[in-house]
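Working notes, structure below.
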Amino acid sequence: MRAEISFGKSLIGILCVGLAAAGCTTTPKPATTPAKTKQAQAAKVTFNYTAKDRECLKRAMYFESQHSDEDGYLAVGTVVMNRLTSGAYPPSICGVVAQEKQFAPGVMTREVKPQAEPELATAADAILLKGARHPAVKDAMFFHTDGLKFPYDNMHYVTVAGGNAFYEKRDSNGMLETPPPLPSYEVAMNYVPGESMLPPQFDALIPSAVPVPLPAPDPMATASTAPMRITAPVTPPEPSIAPEPGMPIAIPTPRPAYDSVMLRGELPVNGG
């Protein structure tokens, strides 16, 4: 009997020790979650462009790359964007391309062959919509026909593409002589309908100087662009409906002058 009691105590002791050990090893510990840090995204520098600017970009790529291929187009297009974002050249794509004695003669007037349009459109949209750049062009804002030699020692060549040799102007210490362009990831291109360049904070107003007749006269209508001439229905003949006295007429706000639109600080224009 004593042996049985002793065995029972021993068994209970073993069970208690086991449970205690299990409790020590299975007790869940509070999970420590790392604090989430919110990273602030740097604001991009916004440049406006119009459909005409897109056409100017295509023209520069076409005439300066000797009608070559998409690689040559992208290289020339990168130079245009480098100049635009450097602040040392005109603040629009067309201004950069049309600058006197910088790009090929007749770049704004000569005919672009229709068969080149698909590749030109692809290259232009890659630059404007996707921020594409030719990686080998780097910070180059200058190029000339490949094979030519010049006696200047500040021409730092970076690549050859589309029949052109691209180079950066650097001093004897290896520093750029021109303001560096912005990297593509710091640039946002904002499409603005119309021919004028407007900063993003302005509404795009398109005033019309031609009176617009209303198909269904409405005495409560107001003109949002220009004075409208309200005409009466043809049949049956009825008197013309005129606006009520004192009815407000919305007059369009004039567009800002082109020269007043500056997205970055103006710097002296460099020679090409």
Next item on the list: Pairs only if they're at least six apart or on different chains, beta carbon under 8 angstrom, first in the range 36-49 and over 15 Å from Tyr185 (Cβ atoms) and at pLDDT below 95, second in a loop (DSSP other than H, G, I, E, B) and of a type in the set (A, V, I, L, M, F, W, C); list them, first residue then second.
Entry: none
Next item on the list: May I ask you to say which residue of Tyr152, Tyr157 is in a strand (DSSP E or B) and either open to solvent by 30 Å² or more (accessible area, probe 1.4 Å) or of a type in the set (Lys, Arg) (or both)?
Entry: Tyr157
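Residues that are in a helix (DSSP H, G or I), polar (S, T, N, Q) and over 23 Å from Val192 (Cα atoms): does the range 92-107 have at least one?
No.
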Note to self: Looking at the structure I just gave you, is Ala104 modelled with pLDDT of 95 or more, closer than 18 Å to Gly163 by Cβ and of a type in the set (Gly, Ala, Ser)?
What the structure shows: no
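Return the residues of the range 84-106 that are of a type in the set (A, V, I, L, M) and open to solvent by 10 Å² or more (accessible area, probe 1.4 Å); say none if nothing qualifies.
Ala98, Ala104
The values are calculated or read from the model by the stated rules, or taken from the named source; none is laboratory data. These figures come from a predicted structure and were not determined experimentally. Every residue, glycine among them, receives a Cβ derived from its backbone with ideal geometry; neighbour counts consider all protein chains shown. Only protein heavy atoms, including side chains, enter the accessible area calculation; ligands, DNA and RNA are left aside. Shrake-Rupley method; radii C 1.70, N 1.55, O 1.52, S 1.80 Å.
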